Amino acid sequence: MSEEELRIGVYVCHCGGNISDYVDVKKVVEAIKGEPGVVVAKDVMFACSDSSQNEIINDVKEHNLNRVVVASCSPKLHELTFRETVKRAGLNPYLYYHANIREHVSWAHTDTREGATEKAIRHVRAAIAYVRNAKPLEPIRQKTMHAVLVIGGGIAGLRAALDLSRTGLNVYLVERSPFLGGRTPQLYRVYPDGRRGADIVKDLVSELIRRDNVAIYTNAEIKSFSGYIGNFEVEVEIKPRYIKVPYDEIKEKIKELPDEIPDEFNYGLTKRKVIYYPYEGAFPRIPVLDLDHCSDVETIKELLGDAVDLEQKPETVKLKVGAVIVATGFDPYEPKEGEFGYGRQGVVTLPQLHRLMDLGNGELKLNGREIRDVAFVYCVGSRQKKSSEEEEVNEYCSRYCCNAAMYISSLLMEQGIRTYHIFRDIRTYGRHERMYDEVSRKGGIFIKYNEDEPPEIEEEGDKLLLKVKDLLTAGEQLEIPVDLVVLVTGMVPRKTPELDELLRISRGRDRFYVEVHPKLRPVETAIGGIFIAGACQAPRDICETLSSASAAASKAATVTLRDVIELEPFKAEVDPNICDLSKKCIEICPYEAIEIKNYEGIGEKAWVNKAKCMGCGACVAVCPTEAIQLNGLTNEQIRAMIEAAGKEVII
Amino acid sequence: MSVKSWYERKYYGEIEDLPEEEYDVLVIGGGIAGIQAALDLGDMGFKVVLVEKEPSIGGFMYKLSKTFPTMDCASCIATPRMAQVFHHPMIDLLIYSEVEEIEKKGEGDFRVKVLEKPRFVDSSRCTGCGQCELACPVIVPHEYDWGLAGRKAVYIPFDTAVPRIAVVDLDHCIYCGQCERACPTEPPSIDFTQVPKIHHLKVGAIIIATGFHLFDARLKENYHFGEYPNVIHAMHMDRLLAPTRPYHAILRPSDGKEPNNIAYILCVGSRDKTVNNPNCSQICCMYSIKQAQLIMGALPLADVTIYYIDIRAFGKAFEEFYQQAKDMGIMLVKGRVAKIEQKENGDLIVWYEDIENGGKLCKAEHDLVVLSVGLLPNKEIANVFKGQKLEVDDVGWIKPVDENANPVETSIRGVFAAGTALGPKDIPDSVIEGGAAAMQCAAYLSEVRGRH
Amino acid sequence: MNEGGSEPLILVFSTNTISDPGIDFTGLMHLHYPTRTVIVRLPCSSMVRPQFVLYALTHGFDGVFIAADGPDCPYLAAACVDITSQRMAEAQNLLKENGIKPERLAMAGICSVCAEPFVRSIKAFYDRIKDLGKVEIGEV
Amino acid sequence: MSGGVKNTVLEYRKKTGVEPPKELTELVKEINKIKAKITNALKEGPKTIPEIAKEIGMKESLTAWYVLTFVKYDLLEPESQTDEGYYRYKVKG
């Protein structure tokens, strides 16, 4: 390698004016032409275009280039593109460096062409210095587990699990609550086909439980998580249910227990018992004893006998998987006391309305009273304005709510109920516009409120009085007596701080999980092998959730259907001849990737387990002897880049 | 042009019938949804053939300026994907080709006929230098720029095309031979001896990602699109704003003036039963707000007014993007536009119903009007299935067999759909469905082949 | 153009997944900051060896700015801040030992959309270094 | 680019007997005329599109289309801008 003569090709991109409008690309080429080892230096209109890529390949062959630099846009966009190009030219793809002269130069310095040109030259020089000291690297080939962990047993998790198991992959589905289905079974009927939420779940579950390559853990949580793409190790803790028999066997006995606890399945509209089976058809059919709320264990023992086992202990299972899908879902926004009248008799949320209708078998009654008029107030808990920096508000639109409210109002209107819609914008996007149209046609009354003057809800006799200024009638103040006010609440992401910590995946300003690229990589996280699906990434409806679940499953399949995956070779490596066994690297490594190993003929020195090394470089900074360095970014390379970039630029 | 008219042409030789080739999956449509589906399947280890009818892959996205709400430059994020699919070892491309017939023989067994149209350019030799294009004497409107500027009868589709090589538009060729003489390769890459080829494919599953077409704004007669030169549609504006734009600046078509008072009219051809499209097109609000923001950046002194009915900023970070637009000073008027009139100097008078002020009829003057046109289905694909019916809805979008169970599965088992073939949607939703369709294909193939 | 005279030259260490995209975003927003800033990207700011800082300040640069990930760091999470701060303290000591003012090294957390914070911090740092003048061994 | 290379366009025409459509040959003549008129109009100095249109007696929008297409093909280039927001164009080179 040291004998090899350096022959470097440098390509400076115009980016169709994005760069060349602000950077004198020709001058950049001139300035680096004389750099030692530079054999080809060119400017190109679109370096990423196929023809330019072919030009690079031809140059490599024609001029025997052994290093390539492209100076163009951010490496986030095209570094991989050009590594591929260099590879196609027959070179090792890591003998390449990508200089960012667009985001870091031309676009940031549109005010000074000279300054931008000088900076571009420094960046390109640094890149040349990098490749001058680059060594060929090989990707690390890693055997991958043909198994996937799906976290969350709502429809997203169920769909993903089913898709993956159909390809023959082993799937582990972990649900935190005692029953599968997530939020969907709570829905009375869903648009556009009017199916019951519980039926949607039942269909998915019944297909899933038939499969022998799927393991389902309910009442279970992730306890530990380690490893890397292709090879994750997970510990799952399954909490006891304390009940050993199916619901049907003890159904009658459970009925004898008193209703004690607000039923979360019905959003507190009803009470439930300490032994709990939320709805007919819930899976698994084994009820759960809510020991935290149980005041009288003895009565239960007496009543249920052998069906109950208080000696049950949490169990831990250890799993090895190649990829992980996170589908932890959402919670409905819970209005604050007094927010749009919440807390008053007759003011419910949209999810509560679903429960009311389901409990009434489609008929809407509140405390036995018939309902004739319903007002829907939109954007509750969505599109909120921030009044101070610290305040946590939901600035986002929750996407599904207009559609959902419109659908359920059309069901109500079929029963002769009058509906009012107190809205900001009706966002029944796509085909859902039809539902809006239908509600309008049936006589739904639409009132647009100003976000700064939200409607007020007061009690008047046994009715509610909704006071609002209507923008559609030039600000007329309206007073509408109604029986029921439905707050059309948005979604907030389910809070799972422990899980986030374990998986090291991050959330955005809206507190939903962030995808690695919002446009083109919507189900991938920054951590290789961990994918996100459904409403934990952004508010979405059932249909959209199912699509995103399949898309996440697809990504997981690209990892786990293969026998071997290739990892980037940017890992730490120890030169045992220099290592003085200070152990500082071992102390600082957060991944426990560095161990002590006996090297033949040298003795005990530090050693990096490359499969575990994430390539952060923390060890590099603390090594007293520079024995540990990062492949692909050695200390020599960093010094060379500093030196090259620090040289004076004369234009 | 339809497949049929390619058959009816005269060629140098007989149409070439190629022997059968076998693939796991056929993806129809090389837009962002089809590309995503092909890449995922290729990465899973399936052998994929991707058919694109245009002379370059990329679909619609490559024509865009930037993408909302992140303001990534569209071609910057799309071109790597295009290159990736082009070079993927598991993916073969049939570009400038159209699916003509699909017959299902059984589960996991589809027989497909694809017509590969001749480019009259040898793709192995052409370097994309553009000499032929300079030499060609014919100038016709360029589809890529929606006709804003011209192109030649032989042309490179666009700067970031994949593959970036020339194509001859036979409909506008005068057979003068200038291109062939100008071609610097040896022998010239221009090759009129090319004939159409029929590819016979045997595939296990199919993904339809055939996208959409724009609403024809001429049908809204009150807006005089196609008649008043300064009434353009929003995809025109996206081209004017793109880094690969046809003009050197943002100029209005009537006289090349830089506009300084621009109006957007939303819901043109959407939410409108008079043109048989009662659906909302889902993306127009956001692309209009995006363009308005870009205009404010490019023409800091310009006024931008958006006439809307509802602003549908419903996706991730859309609402925040919309609020940002309001803060930038973009004017939003809730109002339906009744008609547009043209003044002598090309300026336009917009008559609108001012909904938030009692619904009275008002007028405003603008020097450029942009129609935010809706999306409509490409209906041809439903006709290529022989003996099987691909269900579509009343507008013509492909209808999932059960959208609350498996939203990308069509009425024909083994045939899946993704992206705007299923209905209007934005880029991330199209990418998601591309992935979802890939997953469903993989699951379907594993099952019918008995792997599980 | 600077004639190698009074305008300082700054080395910025950015990080691949967070602060480098943050600086990308600054460009995307067309926000301006001094051009005499060279950006070298590392995986994580914890990789900054104190000796690299000294090397930069003796090889043409007048200041070193670490655009750190802060608690968003994909490698070290919250620990990243502490670890990088320790390296920074060591680096400042090293500078002092070599007769260079420790103020020539600064660090700020730059998130992936922190365009304005980046511009603010880099401008302030640039002005500070400008006041300090060109680097000189023995300045302390 | 040698004379020995077969002329496939010519061969194609001979073999298929296709003739160029008359409307296209007319169009090409028209384009050449417009090109000549525009370059001629710009001889005495840069002009805006309305000025060119007036001089050559063609509709402003059609003039704009050709001028801007010729700019794209590097025949013309914008020179300066008027206060009203028009660009003046000149012949390139």
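The values are calculated or read from the model by the stated rules, or taken from the named source; none is laboratory data. Predicted model, so just to flag it, every value in this text is computed and none were measured. Quick reminder, even Gly has a Cβ in these numbers, built from the backbone with ideal geometry, and neighbours come from all protein chains shown. The protein model used for the area step is the full one, side chains on, heavy atoms only, and it has no ligands, DNA or RNA in it. Shrake-Rupley method; radii C 1.70, N 1.55, O 1.52, S 1.80 Å.
Mind checking which residues of segment A:198-214 are over 28 Å from A:Asp358 (Cα atoms) and either open to solvent by less than 50 Å² (accessible area, probe 1.4 Å) or acidic (Asp, Glu) (or both)?
Just the residues of segment A:198-214 that are over 28 Å from A:Asp358 (Cα atoms), to begin with: A:210-214.
Once the filter is applied, which keeps residues that are over 28 Å from A:Asp358 (Cα atoms) and either open to solvent by less than 50 Å² (accessible area, probe 1.4 Å) or acidic (Asp, Glu) (or both), segment A:198-214 yields A:Arg211, A:Asp212, A:Asn213, A:Val214.
Do we find a residue being small (Gly, Ala, Ser), within 11 Å of another protein chain (Cβ to nearest Cβ) and in contact with a Gly (Cβ under 7 Å, 6 or more places away or on another chain) anywhere in segment A:377-393? Even if it seems obvious, please write down each step before you answer.
Residues of segment A:377-393 small (Gly, Ala, Ser): A:381-382, A:387-388.
Restricting the remaining residues to those that are within 11 Å of another protein chain (Cβ to nearest Cβ) gives A:382.
Now drop any that are not in contact with a Gly (Cβ under 7 Å, 6 or more places away or on another chain), which leaves A:382.
Looking for residues that are small (Gly, Ala, Ser), within 11 Å of another protein chain (Cβ to nearest Cβ) and in contact with a Gly (Cβ under 7 Å, 6 or more places away or on another chain), one finds at least one in segment A:377-393, hence yes.
Out of the residues in segment B:391-415 that are outside any strand (DSSP E or B) and touching a residue at least 40 places away in the same chain (Cβ under 8 Å), state the one that is most open to solvent (accessible area, probe 1.4 Å).
Residues of segment B:391-415 that are outside any strand (DSSP E or B), as a first pass: B:391, B:393-397, B:399-401, B:403-405, B:407-408, B:410-414.
Narrowing further to those that are touching a residue at least 40 places away in the same chain (Cβ under 8 Å): B:395, B:410, B:412-414.
Values: B:Val395: 13, B:Thr410: 5, B:Ile412: 1, B:Arg413: 110, B:Gly414: 1 Å².
The extreme case among them is B:Arg413.
Can you give me the ranges of the helices (runs of 4 or more DSSP H) entirely in segment B:1-93 with at least 3 residues that are among the aliphatic types (A, V, I, L, M) and within 16 Å of the chain's Cα centre (by Cα)?
On the way: elements: B:3-7, B:32-44, B:74-87.
In segment B:1-93, the matching helices (runs of 4 or more DSSP H) lie at B:32-44, B:74-87.
Based on this model, can you work out whether A:Leu503 counts as within 20 Å of A:Phe232 (Cα to Cα), open to solvent by less than 10 Å² (accessible area, probe 1.4 Å) and either more than 10 Å from chain B (Cβ to nearest Cβ) or out of contact with any Ser or Thr (no Cβ under 7 Å at 6 or more places or on another chain) (or both)? Give the steps one after another, and end with the answer.
On the way: within 20 Å of A:Phe232 (Cα to Cα): yes; open to solvent by less than 10 Å² (accessible area, probe 1.4 Å): yes; either more than 10 Å from chain B (Cβ to nearest Cβ) or out of contact with any Ser or Thr (no Cβ under 7 Å at 6 or more places or on another chain) (or both): yes.
Taking the combined requirement at face value, the residue satisfies it.
Go through (1) at pLDDT below 95; (2) open to solvent by less than 20 Å² (accessible area, probe 1.4 Å); (3) more than 23 Å from the chain's Cα centre (by Cα) for B:Val121 and report which single condition fails.
Of everything listed in (1) at pLDDT below 95; (2) open to solvent by less than 20 Å² (accessible area, probe 1.4 Å); (3) more than 23 Å from the chain's Cα centre (by Cα), B:Val121 misses just condition (1).
Among the residues of segment C:9-54, which ones are assigned to a helix (DSSP H, G or I), open to solvent by less than 20 Å² (accessible area, probe 1.4 Å) and not hydrophobic (A, V, I, L, M, F, W, C)? Let's see the steps before the verdict.
To start, the set of residues in segment C:9-54 that are assigned to a helix (DSSP H, G or I) comprises C:19-28, C:45-47, C:50-54.
Okay, now just the ones that are also open to solvent by less than 20 Å² (accessible area, probe 1.4 Å), so C:19-20, C:22-24, C:26-27, C:45-47, C:50, C:52-53.
Result: C:Ser19, C:Asp20, C:Gly22, C:Asp24, C:Thr26, C:Gly27, C:Ser45, C:Ser46, C:Pro50.
Against the condition crowded, with 22+ Cβ neighbours inside 10 Å, touching a residue at least 60 places away in the same chain (Cβ under 8 Å), touching a helix residue (DSSP H, G or I) at 6+ places or on another chain (Cβ under 7 Å) and closer than 30 Å to A:Lys584 by Cα, how does C:Ile110 come out, does it pass?
Details: crowded, with 22+ Cβ neighbours inside 10 Å: yes; touching a residue at least 60 places away in the same chain (Cβ under 8 Å): yes; touching a helix residue (DSSP H, G or I) at 6+ places or on another chain (Cβ under 7 Å): yes; closer than 30 Å to A:Lys584 by Cα: yes.
For C:Ile110, the condition - crowded, with 22+ Cβ neighbours inside 10 Å, touching a residue at least 60 places away in the same chain (Cβ under 8 Å), touching a helix residue (DSSP H, G or I) at 6+ places or on another chain (Cβ under 7 Å) and closer than 30 Å to A:Lys584 by Cα - is met.
Limited to segment B:160-189, what total is found for residues that are facing another protein chain (nearest Cβ under 7 Å), among the aliphatic types (A, V, I, L, M) and in contact (Cβ under 8 Å) with a residue 60 or more places away in the chain?
Residues in segment B:160-189 being facing another protein chain (nearest Cβ under 7 Å), among the aliphatic types (A, V, I, L, M) and in contact (Cβ under 8 Å) with a residue 60 or more places away in the chain: 1 in total.
Looking only at segment B:327-353, count how many residues are within 14 Å of chain A (Cβ to nearest Cβ) and surrounded by 15 or more Cβ atoms within 10 Å (Cβ to Cβ). Outline the logic, then answer.
Taking segment B:327-353 as the starting set, the residues that turn out to be within 14 Å of chain A (Cβ to nearest Cβ) are B:327, B:332-336, B:353.
Next, from what is left, pick out any that are surrounded by 15 or more Cβ atoms within 10 Å (Cβ to Cβ): B:332-336, B:353.
Of the residues in that region, 6 qualify.
Scan segment A:578-614 residue by residue and report those that are assigned to a loop (DSSP other than H, G, I, E, B), among the polar types (S, T, N, Q) and open to solvent by 40 Å² or more (accessible area, probe 1.4 Å).
The one that is assigned to a loop (DSSP other than H, G, I, E, B), among the polar types (S, T, N, Q) and open to solvent by 40 Å² or more (accessible area, probe 1.4 Å): A:Ser582.
Among the residues of segment A:338-366, how many are free of Cβ contacts under 8 Å to residues at least 40 places away in the same chain and either small (Gly, Ala, Ser) or assigned by TED's automatic domain parsing to the domain that holds A:Asn170 (or both)?
Within segment A:338-366, the subset free of Cβ contacts under 8 Å to residues at least 40 places away in the same chain is A:338, A:343, A:360-361, A:365.
Going one step further and asking which of them are either small (Gly, Ala, Ser) or assigned by TED's automatic domain parsing to the domain that holds A:Asn170 (or both), we end up with A:338, A:343, A:360.
Selection size over segment A:338-366: 3.
Out of all the residues in segment C:55-107, which are over 24 Å from A:Pro590 (Cβ atoms), open to solvent by 10 Å² or more (accessible area, probe 1.4 Å) and within 11 Å of chain A (Cβ to nearest Cβ)?
C:Tyr55, C:Thr58, C:His59, C:Gly60
Please verify whether A:Ala538 is farther than 22 Å from B:Ala442 by Cβ, modelled with pLDDT under 95, crowded, with 17+ Cβ neighbours inside 10 Å and among the small types (Gly, Ala, Ser), treating the condition exactly as stated.
For A:Ala538, the condition - farther than 22 Å from B:Ala442 by Cβ, modelled with pLDDT under 95, crowded, with 17+ Cβ neighbours inside 10 Å and among the small types (Gly, Ala, Ser) - is not met.
Of everything in segment B:250-274, what is among the polar types (S, T, N, Q), outside any loop (DSSP other than H, G, I, E, B) and more than 14 Å from chain D (Cβ to nearest Cβ)? Give them in sequence order.
B:Thr274
Residue by residue, here is whether (1) farther than 26 Å from B:Tyr12 by Cβ; (2) more than 10 Å from chain D (Cβ to nearest Cβ); (3) aromatic (Phe, Trp, Tyr) holds:
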residue: B:Leu134; (1), (2), (3): no, no, no
residue: B:His142; (1), (2), (3): yes, no, no
residue: B:Leu148; (1), (2), (3): yes, no, no
residue: B:Phe158; (1), (2), (3): yes, yes, yes
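Can you name the number of the only condition in (1) touching a residue at least 60 places away in the same chain (Cβ under 8 Å); (2) within 29 Å of A:Val348 (Cβ to Cβ); (3) open to solvent by 70 Å² or more (accessible area, probe 1.4 Å) that A:Lys320 fails?
Of the numbered conditions (1) touching a residue at least 60 places away in the same chain (Cβ under 8 Å); (2) within 29 Å of A:Val348 (Cβ to Cβ); (3) open to solvent by 70 Å² or more (accessible area, probe 1.4 Å), the odd one out for A:Lys320 is (2).
Within the bounds of segment A:623-634, is there any residue that is open to solvent by 10 Å² or more (accessible area, probe 1.4 Å), part of a helix (DSSP H, G or I) and closer than 28 Å to C:Gly60 by Cβ?
Of the residues in segment A:623-634, the ones open to solvent by 10 Å² or more (accessible area, probe 1.4 Å) are A:623-626, A:629, A:631-634.
Remaining after also requiring part of a helix (DSSP H, G or I): none.
Checking segment A:623-634: not a single residue is open to solvent by 10 Å² or more (accessible area, probe 1.4 Å), part of a helix (DSSP H, G or I) and closer than 28 Å to C:Gly60 by Cβ.
From B:Ala161, B:Ala135, B:Ala149, B:Ala78, grab the single residue that is on the phi < 0 side of the Ramachandran plot and in contact with a Cys (Cβ under 7 Å, 6 or more places away or on another chain). Reasoning before the result, please.
On the way: B:Ala161 fails: in contact with a Cys (Cβ under 7 Å, 6 or more places away or on another chain); B:Ala149 fails: in contact with a Cys (Cβ under 7 Å, 6 or more places away or on another chain); B:Ala78 fails: in contact with a Cys (Cβ under 7 Å, 6 or more places away or on another chain).
When all the criteria are applied, what remains is B:Ala135.
Which one of the conditions (1) within 11 Å of chain A (Cβ to nearest Cβ); (2) open to solvent by 30 Å² or more (accessible area, probe 1.4 Å) does B:Met286 fail to meet, given that it meets all the rest?
Unmet condition: (2).
Under 6 Å by Cβ, and 6 or more places apart or on different chains, what pairs join a residue from segment A:627-651 that is more than 10 Å from chain C (Cβ to nearest Cβ) with one that is surrounded by fewer than 21 Cβ atoms within 10 Å (Cβ to Cβ) and acidic (Asp, Glu)?
Filtered contacts from segment A:627-651: A:Ala627/A:Asp575; A:Asn631/A:Glu573.
Taking strands (runs of 3 or more DSSP E) that fall entirely within segment A:404-479, which contain at least 2 residues that are in contact (Cβ under 8 Å) with a residue 12 or more places away in the chain, open to solvent by 20 Å² or more (accessible area, probe 1.4 Å) and basic (Lys, Arg)? Explain how you work it out, then say what you get.
Working: elements: A:418-423, A:445-448, A:456-460, A:463-470.
Here the list reads A:463-470.
Just for segment A:107-122: of the residues that are surrounded by fewer than 24 Cβ atoms within 10 Å (Cβ to Cβ) and closer than 18 Å to A:Val649 by Cα, which one is farthest from the other protein chains (Cβ to nearest Cβ)?
First pass over segment A:107-122, keeping only residues surrounded by fewer than 24 Cβ atoms within 10 Å (Cβ to Cβ): A:110-115.
With the extra rule that they be closer than 18 Å to A:Val649 by Cα, the set shrinks to A:112-115.
Details: A:Thr112: 6, A:Arg113: 10, A:Glu114: 5, A:Gly115: 3 Å.
The qualifying residue farthest from the other protein chains (Cβ to nearest Cβ) is A:Arg113.
Please state which one of A:Gly430, A:Gly475, A:Gly461, A:Gly490 is farther than 30 Å from A:Ser177 by Cα, within 14 Å of another protein chain (Cβ to nearest Cβ) and in contact with a Pro (Cβ under 9 Å, 6 or more places away or on another chain).
Details: A:Gly475 fails: in contact with a Pro (Cβ under 9 Å, 6 or more places away or on another chain); A:Gly461 fails: within 14 Å of another protein chain (Cβ to nearest Cβ); A:Gly490 fails: farther than 30 Å from A:Ser177 by Cα.
Just one listed residue meets the conditions, A:Gly430.
Run down A:Tyr228, A:Tyr217 and say which single residue is closer than 25 Å to A:Asp290 by Cα, buried (at least 17 other Cβ atoms within 10 Å of the Cβ) and of a type in the set (Phe, Trp, Tyr).
Numbers: A:Tyr228 fails: closer than 25 Å to A:Asp290 by Cα.
Result of the check over A:Tyr228, A:Tyr217: A:Tyr217.
Assess whether B:Lys220 counts as being farther than 30 Å from B:Gly106 by Cβ, open to solvent by 10 Å² or more (accessible area, probe 1.4 Å), within 14 Å of another protein chain (Cβ to nearest Cβ) and within 27 Å of the chain's Cα centre (by Cα). So that I can check it myself, show each step before the final result.
Numbers: farther than 30 Å from B:Gly106 by Cβ: yes; open to solvent by 10 Å² or more (accessible area, probe 1.4 Å): yes; within 14 Å of another protein chain (Cβ to nearest Cβ): no; within 27 Å of the chain's Cα centre (by Cα): yes.
No; evaluated as a whole, the condition is false for this residue.
Would you mind telling me which numbered condition in (1) modelled with pLDDT of 95 or more; (2) open to solvent by less than 40 Å² (accessible area, probe 1.4 Å) B:Ile156 fails?
All conditions are met except number (1).
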